[in-house]
Amino acid sequence: MTDSNYIKIFTGNFMIVQRIISELKAIHIYAVIKDPTESARLGGYGGGILPGFQEIFVNKDELDKAVPIIESINSES
């Protein structure tokens, strides 16, 4: 396994992920979205465990700026 400069900061449904991505882009953080269910489907393995859920990854250097956005959105729920 290789080391990565990215760290997972959130797992949730499409709507919340899109809101977080939008707010991260506003402060010039360009996160990576992974959709394990869609990846499995495209690979021919069927659906995943949590259909409709996506993961957000950010560069470790941007973690300190990204976490307050996640916390703010989570506190509204």
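Just name the residue that is surrounded by the fewest Cβ atoms within 10 Å (Cβ to Cβ) out of those in the stretch 45-77 that are hydrophobic (A, V, I, L, M, F, W, C), modelled with pLDDT under 95 and over 16 Å from Ala26 (Cβ atoms).
Among residues in the stretch 45-77 that are hydrophobic (A, V, I, L, M, F, W, C), modelled with pLDDT under 95 and over 16 Å from Ala26 (Cβ atoms), the one surrounded by the fewest Cβ atoms within 10 Å (Cβ to Cβ) is Ile49.
Among the residues of the stretch 1-44, count how many are surrounded by 11 or more Cβ atoms within 10 Å (Cβ to Cβ), at pLDDT 85 or above and not acidic (Asp, Glu).
Qualifying residue count, the stretch 1-44: 23.
The values are calculated or read from the model by the stated rules, or taken from the named source; none is laboratory data. Remember, predicted model here, so these are calculated numbers, not experimental data. Quick reminder, even Gly has a Cβ in these numbers, built from the backbone with ideal geometry, and neighbours come from all protein chains shown.
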